[in-house]
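Here the structure comes first, spelled out in C-alpha cells, and everything after it is commentary.
Just so it is clear, none of the values below were taken in a lab; they were calculated from the coordinates. These numbers were taken from a predicted model, which means no experiment stands behind them. Heads up, the Cβs are rebuilt from the backbone with ideal geometry, glycines too, and the neighbour counts pull from every protein chain shown.
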Amino acid sequence: MKIERYDMIVVGAGPAGLSAAIEAAKQGLKTIVFDENERPGGQLFKQIHKFFGSKEHKAKVRGFKIGEELLEEAHRYGVEVILNATVIGLYPQKEVTVKIGEELRHYKGDAVLVATGASENMVNFEGWTLPGVIGAGAAQTMMNLHHIKPGKKVLMLGSGNVGLVVSFQLMQAGCEVVALADAAPRVGGYGVHAAKVARCGVPFYLSHTIVKAEGTDHVTGVVIGQVGADWNIIPGTEKHFDVDTICLAVGLSPMAQLLKQAEVQMADTKGGYVPVCTKDGATSVPGIYAAGDVSGIEEASSAMIEGRMSGAAIACYLGYMSEGEKNARMKELEAQLDTLRQGMFAPKNRGKLVEKTDEGIAVSMNLLENGFVADDEIERYPGVTHQKGIHPVIECTQNIPCNPCQDACPKGCIRIGKNITSLPAVEGKKECVGCGMCVASCSGQAIFLVKEDVEPGFGEVTLPYEFLPVPEVGERGLALGRDGREVCSCEVTKVSKAPAFDYTNLLTIKVPNEMLMTARFYKKA
C-alpha cells in the first residue's frame, strides 16, 4: 500500500483550514489540504455581506473576497489543495484515508489539523420532511453559489446572525420573507443585522416556533404559535402564512467525528460534542490539532485567527519555528482574537440579557423583541446627532467588535477609540464633507447621512442600498421607517456608485424635514 507523506495534513479548506495551511507553509512546511467540496473556501464563498471587526479581521471585506484572498495566498506559499476529496479515516498515528473519485488513497502527516467545520441543526415539527423545508446554509448555497432562488415566499426560523443575514440575502435574491420567528424571547444576533431586515418590512415573531408545515408533496404554508415559559405552544396563538419555503437557522453542530475516530479526548458541551484542546488547537493526541467551528462555534473571523494559531503551533511542534518565535506570533494572534470576543456578544455573555451598553446606556428592548430600535429610544445613542449641514447619523446601538467607520472617514468625524467594541460617536467639531465612505464601509448598514433644508421644508437622507434594480434619479417612491412601515413619499435625488463602495450603492432620497430622523429605507411605489 502506497502512503504519501507530508509535514502537515489539513482536513477542510474553509477559513480555519486554509489559514492554518498558509501559516505553516510560510515557515517551510510541506502542506496538503483536503476538502470534499468542488470549491475551496468553506462558508466564505456563501458570504456576500461585509465582515465585522478591524483591518486585521478583514473588516468591511465581503466573505467571498476573503476566500479569494486566502486561496491566492495559499497558492503563493505552495499549499497543495485537493478538492472532491473525502477524508473517511483519521488514526492516532496521524494517518488519513481519503476517497478521491473512486480511489482510496493513504497519507501520513507529521501533524494533522482537523478543520471540518459544522453542520446545520434541524428541528422536528409536523411536515418537516416536506420539500421546501431547508437549512439557511442550504439556502445560501443555492443563492450565492448556484444563483438559484430557494423559493418565492419564505418564513425564516431563527434570529441569530445566520438567520438574520440569510433573511436579508433572500430578499436581495428576490424572495419575499413573510416573517422571521424564533422560540427565544429576544433576537439572538447583532442588532444591526436585525434592523436592516426589519426596515425592509419583515415582521419579527419572538417567542414563536413552527407548529406545522402545510402541504402534501411540497410546502404550501406554515403555522407558527407562541411558546410559553414551558416552551409549549400556547393554544389560540397560532398564525398562518402562505409560503413555499421554510428556512431553518437553528444553530450548528461541530463535525468532530474524525477526531473521535482518532481517539482524541472529547467533551459533551452546550456548544456540541467537541475535542478537548488547548488555545492553539492541540488535542490529547500529540500532533493532532483542531481549529474553527469543529472545536466550538464562532464567526468565520475567529476561525481564521484560530487557524493561524494552529498553523504556528504545528510549525513549532515540528521544529520549523523556535519557541520564542511561536510565542511572539501567538501573542499577536491572541490579541486579535481577544478583540472579537469582547462586547455584548462575548462568550461570557451568551444566553444573558445585557441591559446596558459598556457606556452605561440602556439597551433598546424594542430591538431585542421586535428587531428595530423604537423612535423614542434612538436618540440615546452617541452616534445619533443633530447638526447643521450634512452629517452622519450612526444607529449602531450595541457593543460589537467593529470599527471600519472610524478609519473610513477622511475628516475624522467618527470616533470609536482604542476599544473596538465602543459605540461610535460623531465628532461635532469636525466637518462632514458628505463623501459617503462611512455609509458604504458600515458592515451593519447602520450609518446614514442627513441634510436639512436642501429646499424649503425638505431635506435629504443618504442610505445604503444593496438591491437590484438600483432606483434612478427622479424616481418617486416610499420612505420606510425603522419598523418597515411607510412614513412618507419621497424622491430619489442621487445615486452614488464607486469602486471604493464595493457594491454598496448610496441612495439619496428627499423627504420632509420632520422625516429625516425616521426615513431609513426606500421602496418603489
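Ranked from highest to lowest mean number of other Cβ atoms within 10 Å per residue, what is the order of the peptides 440-447, 144-151, 457-464, 378-385?
Numbers: 440-447: 25.1, 144-151: 14.5, 457-464: 20.1, 378-385: 18.1.
The peptides rank, most packed first, as 440-447, 457-464, 378-385, 144-151.
Taking only C-alpha pairs under 8 Å that are 6+ residues apart, what is the relative contact order of region 79-122 in percent?
On the way: 44 pairs, mean separation 11.0, N = 44.
This gives 25 percent for region 79-122.
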Largest to smallest principal axis extent of the C-alpha atoms in region 399-525, angstrom: 43, 31, 27
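Evaluate E = 1/(1 + (r/R0)^6) for Thr97 and Thr129, where r is the Cβ-Cβ distance and R0 equals 30 Å; express this FRET efficiency to the nearest 0.05.
Working: r = 33 Å, r/R0 = 1.09.
Here the calculated transfer efficiency is 0.40.
Sorted from largest to smallest, which semi-axis lengths in Å does the alpha carbon gyration tensor of region 162-201 give for its equivalent ellipsoid, taking the root of 5 times each eigenvalue? Could you put the intermediate results ahead of the total?
Numbers: eigenvalues 57, 23, 16 Å².
They are 17, 11, 9 Å, listed largest first.
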Residues listed by number, region 106-131, amide nitrogen under 15 Å from Ile88 label point at 7 Å toward C-beta: 106-107
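Taking 8 Å as the Cα distance limit and 6 or more residues as the minimum spacing, I'd like the relative contact order of the chain as a percentage.
Details: 1272 pairs, mean separation 72.3, N = 525.
Computed value for the chain: 14 percent relative contact order.
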Mean Cβ neighbour count within 10 Å, used as a protection proxy, ranking 320-333, 41-54, 502-515 highest first: 41-54, 502-515, 320-333
Distant-in-sequence amide H partners of Arg62 (H built 1.01 Å from N, under 5 Å): Phe51
Gyration tensor verdict on region 381-474 (Cα atoms; rounded if a/c is under 1.5, prolate if a/b is larger than b/c, oblate otherwise): oblate
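Computed over the Cα atoms of region 369-410, what is the ratio Rg over Rh, Rh following Kirkwood?
Numbers: Rg = 12.1 Å, Rh = 12.2 Å.
Computed over Cα atoms, the ratio is 1.00.
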Relative counts (whole %) of C-alpha pair distances in region 403-447, using bins that are 10 Å wide: 31, 59, 10
For the chain, convex hull of alpha carbons as volume per residue, Å³: 156
Evaluated over region 156-259, the Cα radius of gyration and Dmax, each in Å: 14.4, 47
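Once you have a ≥ b ≥ c as the square roots of the Cα gyration tensor eigenvalues for region 26-132, tell me rounded if a/c is under 1.5, and otherwise prolate or oblate according to whether a/b is larger than b/c. Mind dumping the intermediate values first?
On the way: a/c = 2.15, a/b = 1.10, b/c = 1.96.
Oblate, because a/c is 1.5 or more while a/b does not exceed b/c.
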Whole-Hz ³J(HN,Hα) from phi, Karplus 6.51 cos²θ - 1.76 cosθ + 1.60, for region 64-79, glycine and proline x: 5, 5, 4, x, 5, 5, 5, 5, 5, 5, 4, 4, 4, 9, x, 6
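With r defined as the distance between the Cβ atoms of Glu455 and Lys352 and R0 fixed at 56 Å, what FRET efficiency is calculated, to the nearest 0.05? Write down the numbers at each step before the final one.
Numbers: r = 49 Å, r/R0 = 0.87.
That pair, Glu455 with Lys352, gives E of 0.70.
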Pairwise FRET efficiency - Glu486 versus His386, Cβ, R0 = 35 Å, nearest 0.05: 0.90
Dipole-positive endmost among Ala312, Val187, Val511 within the chain (Cβ charges, Cα centre): Ala312
The chain: calculated mean residue ellipticity at 222 nm from DSSP helix runs of at least 4, using -39500 (n - 2.57): -6000 deg cm²/dmol
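Only Cα pairs under 8 Å and at least 6 apart count here; give the relative contact order of region 1-59 as a rounded whole percent. Write down the numbers at each step before the final one.
On the way: 61 pairs, mean separation 19.6, N = 59.
Reported as a whole number, the value is 33 percent.
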Relative packing of 206-218, 90-102, 185-197, which averages over residues the other C-beta atoms within 10 Å, highest first: 185-197, 206-218, 90-102
Mean projected area (nm²) of the alpha-carbon convex hull when region 291-420 is viewed from all directions: 11.0
³J(HN,Hα), Karplus 6.51/-1.76/1.60, whole Hz, each residue of region 483-490, x for Gly, Pro: 8, x, 8, 5, 10, 5, 7, 8
³J(HN,Hα) computed for each position of region 46-61 - Karplus, 6.51 cos²θ - 1.76 cosθ + 1.60, integer Hz, glycine/proline x: 8, 8, 9, 8, 7, 7, 8, x, 10, 4, 5, 9, 6, 4, 6, 9
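For the chain, give the magnitude of the charge dipole about the Cα centre (Cβ charges: +1 Lys/Arg, -1 Asp/Glu; no others), in debye to the nearest 20. Show your work: numbers first, answer last.
Working: 54 positive and 62 negative charges, 144 e Å.
The calculation lands at about 700 debye.
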Within region 492-521, backbone nitrogen closer than 12 Å to the virtual label 7 Å beyond the Cα of Arg476 toward Cβ: 492
Where only alpha carbons of region 72-218 are counted, the Rg and the Dmax (Å): 20.1, 56
Charge sum, other residues only, whose C-beta stays under 13 Å from Glu427's C-beta, Lys/Arg counted +1 and Asp/Glu -1: +3
Distance (nanometres) between label positions extended 7 Å along Cα→Cβ at Asp217 and Ala267: 5.0
